[in-house]
Amino acid sequence: MNGKPLIFLLLFAATASAQPRPTLKIGVTLHPYYSWTANVIGTLPGYEVRSILPGEVDAGDYQPRPEDIKKLMDLDAIVINGIGHDDFINPMIKASGNKKLVIIHVNESTPQIHAVHGSGVNSHTFISFTNAIQQTYFIQKAIAALRPSDAAALQANAADYARRLRLIKARAATALADAKINRVVTVHDGYGYLLQEFGLEIAGVVQPQHGLTPSAGELKDMVALLKRERIRVVFSEETFPPALLKVLQDEAGVKVYQITHIASGAYTPDKFEKEMQRNVDTMIKALVTEG
Amino acid sequence: MDADSPGAAGIRTVEIRPPSLREETTIVVRLAVVILAIVGFYLANTAWSVDGTPARANGLLPYQTLVSEAASQAQLMFRELQEGLLEAERVRSGTGGWPSPDALAEQGIPPFVKDPTAKGPSYRWIVTHRGAFINYRGIPSVTGAAGWLLLVQEPLPDSLPDPSPEDEEHHRLAGGMMLHVSVWTHADGAELSPALVQVPQAEGWIQMRVNPPAIGYLPPPTVKTP
C-alpha cells in the first residue's frame, strides 16, 4: 500500500491543528457584564472581552463617540442589557456596519420588577447576586454556542464563578439575619433586586427618575415619608448631590450609606465581586452594626 | 391607422370606466368595516379582557401570570428557582441524573438551602421523577402558604429533536437534550398531594412566566407517563 496519501493527510491535520484559532471578540456595554464574561472565559485562550464605553463614564450619562463605534466593527458578539440601560448601543451597532454580530440579551429570561416611579421596569437587574448567576450562565451558553469545543470548560468556569458569588451572598445573609432595620429608602432605583434577595423592603426612592435630582417639593415629600414611616436608613449612590442628602439627614434624622451600582471605573474581572462585597458590607453596617 | 377602421382586423377597443360613485362608496365602506373589525379584534385581545383585568392583555393563558406582577416574596422564589434549575441542569448534564434537593442545598444553592433572611414560611423540598417528568416541589410549613413546583420534562424516548430556540421554557443541556421547564405556584401548597404532577394547570397550579408567550405559543405536550 502506498503510504504517501496518509502521510500528507497527517501532515495536513497537524498543520491545521497547529494553527491558532481566530480570537473570539466579545463586547460588553456595562461593567458587570465585563466581569461576568471575563470569568466565564477564565484562562481559555482565543478570546477577547472588550468594553465599549470608557471606564470612567456611567452608561446613564454616555453619548456615543466615533472611536467607540469603531470598537464594534470587528466584534463577534456583544453582551447588552437591552431593557433601557444601554439603549445607545443599537444605533451604534447599526453605524458600525457589523452585520455578523451576535447580540446576547442577558435579560431575555430574567424576571424584572417594576420601577418605583413610572410604568417601566427596573433595568438594574445586574445589581443582584441571583441575577448575576443566572445571567452568567446565559452568557456562558451563548459563548458555548459560538465555540462548542469550549462548552465544558466555559460551563465549569461559570459554575465556579457562581459558587464564589453565592458564598459572598450567603455570608451576608447570615449577618443580615440579625438586621434591626428591614425597611429603607434608596436614592437610586437600582437596588430593588439586591434588597429583595435579603428580604428588605424599599419604602421609597428619592430620585424621580434614574439620574434626575428631586425638586424641592419632591424632597419635602420624601422628608415627610421618612418621618411618617420612621425610616432611619437611606442608601445613596456616589454621584447624588451631598447638599440634598444633608437635607434628608437634617430634616428626617436619617443615616446615609453609599451603595455602588458598579457603573464606573476600570473594567476588571473581579470588579463585580469586589463591589458587591463592599455593598453587602455597607448593608450589614447600616442595618446590623449601626442599625 | 384608426383602430376601429375595417383595416384593423383583430383589434378591439375596450372602454374602462371608473366605478360609479355608488360602487366606490360601497368599496370604501367595506374596506372600513374590515379595518374596524381587525382593530377591534386586536384591541379585544391585547388591551382589555372581559373581566377588565389586564391579565389576558399579554396573550397569557388563563393559568399563567407574569412574575413582574407577583408579590416580592413570590418574585424572589421564582428567581431562586431559576438559579436552582440552572445548577440542577448542570448536574444532570454532567452525571446523567437529577440532583436531590439536599445535594443542591449542601452546595448552598437556593431555594433549597435555608435562607436566614427569608421572611415567609419555610419549605421542605422533594424531588419526584417518573418517565420524562421531574418535579422539584416546595411544600410550605404552614397551611395557606403558596406551594412551588419546578416542572421539568425531558424528551420522550425516540422523539425527534426539538428544534425550538432556547427561551424561558426551553433549556438545552450541554449534551444537546432539549428540556421543557416551567415554574408553578399553588395558593395552598401544604394541602396538596406530594404525588408527581404532570399537568399542573389541571390541578389548580398557576404558571409564572418572565415574558408573555410568543405569538403561536403552544404549551408543552401533556403526554402522561403511566
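Where a number appears in this text, it was derived from the coordinates with a stated rule and is not lab data. It should be emphasised that the depicted structure is a prediction, and the values quoted were computed from it without experimental measurement. Here the Cβ positions follow ideal geometry from the backbone for every residue, glycine too, while neighbour counts run over all protein chains shown.
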Could you work out [θ]222 nm for the protein assembly as shown from helices alone, using -39500 (n - 2.57) per DSSP H run of at least four and dividing by all its residues? Round to the nearest 500 deg cm²/dmol.
-11500 deg cm²/dmol
Average partner coverage of B:70-79, which counts Cβ from other chains inside 10 Å:
4
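If you stretched the chain out fully between B:Ala187 and B:His129, how much longer would it get, using 0.36 nm times the residue separation minus the C-alpha to C-alpha distance? Don't skip to the end; give the middle numbers.
Numbers: separation 58, 0.36 × 58 = 20.88 nm, distance 2.32 nm.
Extra length available between B:Ala187 and B:His129 comes to 18.6 nm.
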Of the options A:Leu30, A:Thr130, A:Leu154, report the single residue whose Cα projects farthest towards the positive end of the charge dipole of the protein assembly as shown (beta-carbon charges: Lys, Arg +1; Asp, Glu -1).
A:Leu154
Distance histogram in 5 Å bins (all Cα pairs of the range A:22-170, percent per bin)
2, 10, 19, 22, 20, 16, 9, 3, 1, 0
How compact and how long is the range B:87-198, expressed as Rg and Dmax of its alpha-carbon atoms in Å?
14.9, 46
Under 16 Å from the 7 Å Cα→Cβ point of B:Glu166, by amide nitrogen: which residues of the range A:142-173?
A:142-160, A:162
Could you tell me which of A:Asn39, A:Leu248, A:Ile202 has its Cα farthest along the dipole of chain A towards the positive end, charges placed at Cβ (Lys, Arg +1; Asp, Glu -1), taken about the Cα centre?
A:Asn39
Quick one: which of A:Lys25/A:Lys99; A:Lys25/A:Lys70; A:Lys180/A:Lys285; A:Lys25/A:Lys141; A:Lys255/A:Lys285 span more than 19 angstrom between C-alpha atoms?
none
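Over chain A, what is the relative contact order in whole percent, taking alpha-carbon pairs under 8 Å and six or more residues apart?
19 percent
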Mind checking B:82-89 for the average number of partner chain beta-carbons within 10 Å of each residue's beta-carbon?
5
Over all residues in B:169-182, what is the mean tally of Cβ atoms on other chains that come within 10 Å of each residue's Cβ?
1
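With a 10 Å Cβ neighbour count serving as the proxy for reagent exposure, in which order, fewest first, do B:Val29, A:Val185 appear?
Numbers: B:Val29 10, A:Val185 23.
Starting with the residue having the fewest Cβ neighbours, the order is B:Val29, A:Val185.
Could you tell me the relative contact order of the range A:19-162? Use alpha-carbon pairs under 8 Å, at least six residues apart, and round to a whole percent.
Working: 197 pairs, mean separation 35.6, N = 144.
Relative contact order comes out at 25 percent.
Relative contact order of the range A:175-289: what whole-number percent is it, with Cα pairs under 8 angstrom and at least 6 residues apart? Before the final figure, lay out the partial values.
On the way: 143 pairs, mean separation 34.1, N = 115.
With pairs under 8 Å counted, the relative contact order is 30 percent.
For the protein assembly as shown, give the magnitude of the charge dipole about the Cα centre (Cβ charges: +1 Lys/Arg, -1 Asp/Glu; no others), in debye to the nearest 20. Each step should come with its number before you reach the end.
Working: 46 positive and 53 negative charges, 156 e Å.
Computed charge dipole of the protein assembly as shown: roughly 740 debye.
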